[in-house]
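The values are calculated or read from the model by the stated rules, or taken from the named source; none is laboratory data. Small disclaimer: the values here were computed from a predicted structure and weren't measured. Glycine also receives a Cβ, built like all others from the backbone with ideal geometry; neighbour counts cover every protein chain displayed. The accessibility values were calculated without ligands, DNA or RNA, using every heavy atom of the protein model including side chains. Shrake-Rupley method; radii C 1.70, N 1.55, O 1.52, S 1.80 Å.
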Amino acid sequence: MSDLPEHVARNREVWDAWAETYVADGEASWARSEPSWGIWGIPEAEVGMLDGDLAGKDAIELGCGTAYVSAWLARRGARVVGIDNSAAQLDTARRLQVRHGVDFPLLHGNAEAVPYPDASFDFAISEYGACLWADPARWLPEAARLLRPGGRLVFLTNAFLLTLCMPDEDGASAGERLLRPAFGSTRVEWTSDRSVEFHLSHGGWIRALRGSGFEVEDLIELQPPADARTRYPFVKLEWARQWPCEEVWKARKRA
Ligand SMILES: C[S@@+](CC[C@H](N)C(=O)[O-])C[C@H]1O[C@@H](n2cnc3c(N)ncnc32)[C@H](O)[C@@H]1O
């Protein structure tokens with residue numbers, strides 16, 4: 001029997017099965033020299049996920065998937081480590097490391113319990129990784145433990161409003177009605193698959209971040225440009241032009 005928390009074991013099974021549908025995205029993103037973010041590919045210049053000089057810094061990507069974000073960090077001179085819960089996603093990451101001649105440690109594990117000592121990193125990042133699929137009550141304190149005082153945590157996840165408007169049907173996209181309560185559990189299970197996600201209100205994120213030892217520095221609600229495209233069906237451009245479907249949180253570990 002696995003000693004993983006139940007949601008981590010479930011998400012491992014789901015992501016091992018989904019991995020092959022993320023290969024093409026991984027290949028395209030590894031080939032890109034300039035980072036772009038989220039499902040609409042918003043340029044780094046507009047989001048500033050990697051703000052600051054990362055050269056020589058110790059960085060970790062929490063839920064790295066095919067590890068293209070880690071590759072962007074490595075190319076900027078960071079000493080980066082990627083951790084992911086899915087062996088199949090990491091197989092793609094390792095293949096792309098060889099293809100691009102960029103090498104860094106890739107760990108198969110749960111970002112809620114990372115096998116590194118306290119204060120090992122200056123920078124932690126997650127794009128739709130642990131920040132969506134891991135329990136914030138576990139992964140945020142773990143990120144704080146891993147960071148040095150003054151270290152930065154940046155993550156991109158679904159906007160809370162999108163989750164509230166999301167029908168629980170396979171292939172559906174967000175509508176213009178609130179379909180689920182804002183109060184209650186942060187854990188969301190969709191009936192169409194066995195995955196488990198975590199969605200917090202803005203107040204919830206602020207309290208969880210501050211309670212884990214972070215100061216919140218920014219919250220950026222992303223708006224795609226009028227000609228943006230995405231392969232993901234869960235939100236239409238017309239919706240995302242009017243309401244935020246993705247948000248970026250920037251926080252700093254208290255010194
Ligand atoms: C959407 S991918 C994120 C990678 C990439 N930025 C992207 O957007 O494709 C989500 C990844 O989070 C990983 N993941 C889910 N739960 C995790 C956990 N508890 N610890 C580490 N990784 C986790 C999954 O295995 C999956 O590879």
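Condition check ((1) in a loop (DSSP other than H, G, I, E, B); (2) at pLDDT below 95; (3) closer than 20 Å to Leu147 by Cα) across all residues:
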| position | (1), (2), (3) |
| --- | --- |
| Trp40 | yes, no, no |
| Met49 | yes, no, yes |
| Gly52 | yes, yes, yes |
| Gly56 | yes, no, yes |
| Val69 | no, no, yes |
| Val81 | no, no, yes |
Selection status of Ala172, touching a residue at least 40 places away in the same chain (Cβ under 8 Å) and hydrophobic (A, V, I, L, M, F, W, C): yes
Test: residue in region 119-139 that is touching a Phe, Trp or Tyr at 6+ places or on another chain (Cβ under 6 Å) and over 25 Å from Leu222 (Cα atoms): no
Test: residue in region 195-213 that is surrounded by fewer than 13 Cβ atoms within 10 Å (Cβ to Cβ) and touching a residue at least 24 places away in the same chain (Cβ under 8 Å): no
Residues satisfying the stated conditions in region 55-70, i.e. open to solvent by 10 Å² or more (accessible area, probe 1.4 Å) and away from the ligand (no atom under 11 Å from the Cβ): Ala55, Gly56, Lys57, Asp58
Residue pairs meeting the criteria (Cβ under 9 Å; at least 6 apart or on separate chains; first acidic (Asp, Glu), in region 128-156; second away from the ligand (no atom under 12 Å from the Cβ)): Asp135/Thr186; Asp135/Arg187; Glu142/Ser212
Only one of Ala74, Ala9 that is open to solvent by 30 Å² or more (accessible area, probe 1.4 Å), at pLDDT 95 or above and either under 22 Å from Leu140 (Cβ atoms) or away from the ligand (no atom under 11 Å from the Cβ) (or both): Ala9
